[in-house]
1. Per residue, how big is the convex hull of segment 116-210 when only Cα atoms are used? Give it in Å³.
2. Using the basic label-point model (7 angstrom from Cα toward the beta carbon), what is the E209 to A90 distance in nanometres?
3. Would you work out what percent of the accessible area of the chain, with all protein chains in place, is carbon or sulfur (probe 1.4 Å)?
4. With unit charges on the beta carbon (Lys/Arg positive, Asp/Glu negative), name the residue among W144, S192, A208 whose Cα is farthest towards the positive pole of the charge dipole of segment 135-281.
5. Of the listed peptides 336-344, 139-147, 411-419, what is their order by residue-averaged count of other C-beta atoms within 10 Å, with the highest listed first?
6. Assigning unit charges at the beta carbon (Lys, Arg +1; Asp, Glu -1) and nothing else, what dipole magnitude in debye, to the nearest 20, does the chain show about its Cα centre?
7. What does the highest-first list of 85-91, 8-14, 317-323, 366-372 look like by mean Cβ count within 10 Å?
8. Just going by the charge dipole of the chain, with Lys and Arg at +1 and Asp and Glu at -1 on Cβ, which of G259, M218, L357 is farthest out on the positive end?
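The values are calculated or read from the model by the stated rules, or taken from the named source; none is laboratory data. Computed from a predicted model, the values in this text were never measured in an experiment. A quick note on method: Cβ atoms are made from the backbone with ideal geometry, for glycine too, and the neighbour counts reach across all protein chains shown. Side chains included, ligands, DNA and RNA excluded: accessible areas come from the protein's heavy atoms. Shrake-Rupley method; radii C 1.70, N 1.55, O 1.52, S 1.80 Å.
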Amino acid sequence: MGEPLDAFSEILARRLDGEGPLGVAVSGGGDSLALLYALAEWGRRRLHVFCVDHGLNPASAAWTETVSDHARRVGAAFSPLYWTGSKPQAGLSAAARQARHALLAEGARRNGIRVLCLAHTQDDIHEAAWMRDHGSNVTAPLEWSPSPAWPDGRGVFLLRPLLSHDREALRRDLRARGVAWIDDPANANPQSLRVRARLADKSEASPAEPPIVSPAQMEALLDRTWAGQGLITIGREAFAALPSPLARKVLAAAAVCAGGGDRLPRGERLDGLLAGLSEGKPRTLSGARIWLTGDHLCAAREAGDIGRNGAQDLSLAPGIESMWDGRYALRADEGGTIAPSGRMRDRLGKGGRAALLRLPAAVRGTLPVFHDNFPDHGLSSARLLGQCGQTGVDCVNWVLPRFVAACGAIDRESRIGPDLAKPKENCVAKPQTLTI
């Protein structure tokens with residue numbers, strides 16, 4: 001890639017500081033093949049190629065096999081991924097994108113990959129701007145961002161190192177390498193807004209730089225005292241000092257992460273919450289309870305909402321990690337069931353009930369409790385998870401790590417992961433200032 005490879009390598013050096021395999025999403029089109037060959041030329045990490053077969057074109061199986069050939073050519077591992085089942089008649093592009101991200105995230109996690117490279121280019125930035133100018137809510141591709149698939153994408157980040165490159169330059173590079181690419185007929189369908197954006201004059205489009213919370217800003221915002229209990233506490237003074245776009249981003253991220261959902265709140269509901277926050281009057285958004293108290297803006301799971309969009313109880317098979325309520329990743333040594341603490345207080349032993357009372361009132365009914373499905377084991381057989389002490393269940397709370405990532409404050413590979421949510425030694429600290 002000549003001189004552009006220098007900028008490409010600089011991005012990789014800034015974001016990547018791990019040693020494991022690097023994932024690459026390759027469709028067989030020109031952009032993704034250019035990415036694959038550029039990464040192979042860079043040569044500092046083992047590559048694992050993922051190709052999603054959406055099953056929407058009769059030639060898709062042959063395309064997947066072609067991508068497999070390219071992976072072999074550069075010495076990369078290869079995994080085909082398949083979107084199976086019925087496909088919607090309306091909103092097919094959005095559904096395909098959602099399925100693709102979920103499949104890629106699941107494939108990455110299954111293979112121990114934390115960073116997945118995607119081949120978006122400068123053209124994609126301008127096309128997204130044009131689409132927004134014509135009524136779409138599509139977001140601009142970012143160089144570095146968490147996977148949008150939740151919970152499948154927990155602990156997986158997306159890296160787009162070609163955003164300063166244009167599509168035609170990448171194709172010239174492929175021609176010079178003697179590499180042929182696939183042109184998907186769907187990319188020529190004028191009924192698609194994306195295709196119309198590609199063909200349009202985009203000189204008037206105005207790409208917007210999305211607001212990002214820096215790691216330093218995040219340190220000033222967060223109080224991590226209750227990180228292990230799924231409670232996000234943000235300094236009121238630091239929050240009030242944020243520019244409006246950044247405050248909206250932080251509030252939206254706090255709501256969806258504390259609530260365990262998979263879609264950020266937007267528009268009037270978010271603006272209404274931002275304008276209506278007041279001392280002592282909790283509001284709800286995206287399954288989260290949000291309130292102001294003392295020196296903090298707080299967000300926690302709304303206990304009464306648990307189970308509204310999914311089962312309250314989760315059956316755990318021995319040794320298999322499962323996600324409960326979009327917030328906790330759990331793996332048990334033995335079979336059992338997870339239920340919310342608000343419904344299980346009577347089955348907790350004296351120590352478990354005492355531990356609940358030491359926590360802020362807002363989270364006491366929102367925590368995972370493990371029980372063994374044997375009622376004759378007595379009321380004290382249930383175990384409160386996510387607190388100090390050994391319970392025989394691995395319990396990882398993803399609320400705070402997900403929030404920090406969603407705000408943009410994870411800036412490199414080594415900072416990806418759930419460590420932010422590990423309980424502090426003072427996990428029984430007094431909660432007076434957070435009572436509501």
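1. For segment 116-210, the hull spanned by Cα atoms encloses 135 Å³ per residue.
2. 3.9
3. Of all accessible area on the chain, carbon and sulfur atoms account for 50 percent.
4. Among W144, S192, A208, the one farthest towards the positive end of the dipole of segment 135-281 is S192.
5. Per-residue mean Cβ counts within 10 Å order the peptides as 336-344, 139-147, 411-419.
6. Charge dipole of the chain: 960 debye, to the nearest 20.
7. Details: 85-91: 8.1, 8-14: 15.4, 317-323: 12.7, 366-372: 22.6.
Per-residue mean Cβ counts within 10 Å order the peptides as 366-372, 8-14, 317-323, 85-91.
8. Farthest towards the positive end: L357.
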